[in-house]
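Data block below; observations after.
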Amino acid sequence: MRTEGVMTEKIAACVEMYGVSKSFGQVRALDAVDFEAAKGEIHALLGENGAGKTTLMNILSGLYRMDEGRIAVEGREVDIHSPQDAIAVGVGMVHQHVELIGNFTALENILLGREGSRWKLDVEARRSSVEELAANYGLSIPLDEGVKTLPAGIQQKVEILKALYHGADILILDEPTTMLTPHEVDGLFTILKSFARGGLTVVFITHKIQEVLDNCDRITVFRGGLKVDTIPREEATRERLVQMMMGERGMPPEGERPTGPSAAREGSPALSVRGVRTSAKWGVPLTDVAFDVPRGLIVGMAGISGNGQKELAEALAGIIEVEAGEVRVDGEEVTGLSVAGRIARGMSLLPQDRIEEGILPGLSLAENFVLGLHPHIFKRRGVFEREAAFELGRNAIAEFNILARNEHVPAAHLSGGNIQKTIVARSVMLAHKTGGKVMIANNPTRGLDVMAASFVHGRLRELRAGGAGVLLISEDLDELCLMSDRIVVIYAGEILGAFDGPEYDIYQIGALMAGQKQEEVS
């Protein structure tokens, strides 16, 4: 609802946004949205992908310009057309992926943008002010170390301190816990709560409902470019927040709701990995990796991003070379086989990067569906049967609820969630055609909203129920605890330990994710 004149009715409000609209071409990303956040609170923004929450904060932080609307800070209407305008009125944003210069020290990164007019930056002259600010806010940062050597949690603290040093009183954090261990998440919220007690305004963008319930004062829910409502944490429950996010769709259909790990008995190994090593030329080298994925179970793999998960998935699938060790599918060694050879023996892969590795953007949806399937069901006397492919595409669109006009639409025209559904549909169909012994799912729900993630989880559970072994690689520990019958932890290309479900100690798992040996944390 629009309000005329200077916006001073809500005395506690620190920042107010009224009637904010933003379109990207024909897509209406925000439609006359109102939002306000108060001093001294942690205010969560919750919603599906594309709901508008990050777009709204990108407008407040000066990255986007709104088409319509007004913004007031401390009751004074302001014009924000750039990040410089935003920081001038006390707004700073820490993005999901850190935007630091790796070869610079933490101190040099913090000072960038406040160098002054001198031709040379005098780092030492400004050190004391940075150290004093860090001490005031309880931020322990090794200022003289290169940023690229610092853990993700410390890099995030550098970003936060940089925003504060540049004058931020309103601190926006976009999905800040994605790359953190449980201990680091707890530490972050301890810091954010101290910020709020000190009078700062913290706006926290997330899709993790439990973090919202545990740590935020108020919650604003977005859906389809509109603000649904703002409620205090005391009135919020998981069920209510999901209902607000989903609208009339409500909860995911039965069979796609979170149900926790299986109670099924462990079968023989669907996938057996012994002593696998790879070269550093492929990325993070794997060192003597060994574990099993039993039939009828989901084994989760936990680890902070960049610790060899991608390399392991590709080594198992035959994309990169294994220098030593062996990989077996249902007891048969496949180490020397090609990707096609492993597919023929019942292994399928959901790749991490759905755009670069999962689809051919210029091909139609139907053509993308049959990638990997065509040797099995679409060749007769060497001729590719296009009509059979089109029929498969039509059936898959209906069965997997993919939002596409028809099977002829180029895959590049689909949303990220529907591209992921396409890849999952193809992998599930491939598993059915080839006997479906092993599914390797590498971050299959990254970037997906609640409904799309529930869809993927449902398909993985179906494979498990059918007797396949599923290796679920994820950087989301909540997802792993929800889905996995067993969790193994990878760090720097090594398996450091394993935990059996259904109850998991996330702090023990987090300690291994940070590099501690299992015997040190047991």
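The values are calculated or read from the model by the stated rules, or taken from the named source; none is laboratory data. Please read these numbers as outputs of a predicted model, since none were measured by experiment. Counting neighbours? That spans all protein chains shown, and the Cβs are built from the backbone with ideal geometry, glycine included. Please note that ligands, DNA and RNA were not included when accessible areas were found on the heavy atoms of the full protein model with its side chains. Shrake-Rupley method; radii C 1.70, N 1.55, O 1.52, S 1.80 Å.
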All positions within the stretch 481-498 that are over 24 Å from residue 323 (Cα atoms), of a type outside the set (A, V, I, L, M, F, W, C) and open to solvent by 10 Å² or more (accessible area, probe 1.4 Å)
485, 486
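Where in the stretch 25-133 are there strands (runs of 3 or more DSSP E), lying fully within it, with 3 or more residues that are over 30 Å from residue 419 (Cβ atoms) and open to solvent by less than 30 Å² (accessible area, probe 1.4 Å)? Outline the logic, then answer.
Working: elements: 27-38, 42-47, 68-73, 76-78, 91-94.
The strands (runs of 3 or more DSSP E) meeting that bar are 27-38, 68-73.
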Out of everything in the stretch 402-422 that is farther than 27 Å from residue 471 by Cβ and either of a type in the set (Val, Ile, Thr) or assigned to a loop (DSSP other than H, G, I, E, B) (or both), what residue ends up being most open to solvent (accessible area, probe 1.4 Å)?
405
I want to confirm something. Restricting to the stretch 162-181 and keeping residues that are of a type in the set (D, E, K, R) and open to solvent by less than 30 Å² (accessible area, probe 1.4 Å), which single residue is farthest from residue 39 (Cα to Cα)?
175
Filter the stretch 285-316 down to residues that are at pLDDT 90 or above, surrounded by fewer than 18 Cβ atoms within 10 Å (Cβ to Cβ) and not charged (D, E, K, R) and give me whichever is farthest from residue 467 (Cα to Cα).
285
Heads up, the strands (runs of 3 or more DSSP E) in the stretch 190-261 (entirely inside) with at least 1 residues that are at pLDDT below 90 and farther than 15 Å from residue 172 by Cα are 218-223
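Which residue out of 233, 240, 197 is open to solvent by 50 Å² or more (accessible area, probe 1.4 Å) and under 17 Å from residue 138 (Cα atoms)?
On the way: 233 fails: under 17 Å from residue 138 (Cα atoms); 240 fails: under 17 Å from residue 138 (Cα atoms).
Sole residue among the options that is open to solvent by 50 Å² or more (accessible area, probe 1.4 Å) and under 17 Å from residue 138 (Cα atoms): 197.
Mind listing just one residue for me: the one in the stretch 200-223 that is of a type in the set (Asp, Glu) and either buried (at least 17 other Cβ atoms within 10 Å of the Cβ) or not assigned by TED's automatic domain parsing to the domain that holds residue 21 (or both) and, of those, nearest to residue 505 (Cα to Cα)?
Restricting attention to the stretch 200-223, the residues satisfying the condition of being of a type in the set (Asp, Glu) are 211, 214, 217.
This time we only want the ones that are either buried (at least 17 other Cβ atoms within 10 Å of the Cβ) or not assigned by TED's automatic domain parsing to the domain that holds residue 21 (or both), so: 211, 217.
On the way: 211: 17, 217: 27 Å.
Selected residue: 211.
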Counted residues in the stretch 291-333 being under 27 Å from the mean Cα position of the chain (by Cα), hydrophobic (A, V, I, L, M, F, W, C) and either outside the structural domain of residue 484 (by TED's automatic domain parsing) or outside any loop (DSSP other than H, G, I, E, B) (or both) come to 11
It is to be established whether one or more residues within the stretch 355-377 are in a loop (DSSP other than H, G, I, E, B), buried (at least 18 other Cβ atoms within 10 Å of the Cβ) and either modelled with pLDDT of 75 or more or at positive phi (or both).
yes
For the stretch 14-50: of the residues being in contact with a Gly (Cβ under 7 Å, 6 or more places away or on another chain) and polar (S, T, N, Q), which is modelled with the lowest pLDDT?
49
Looking only at the stretch 134-156, which residues are farther than 17 Å from residue 94 by Cα, hydroxyl-bearing (Ser, Thr, Tyr) and either touching a residue at least 60 places away in the same chain (Cβ under 8 Å) or not in a helix (DSSP H, G or I) (or both)?
140
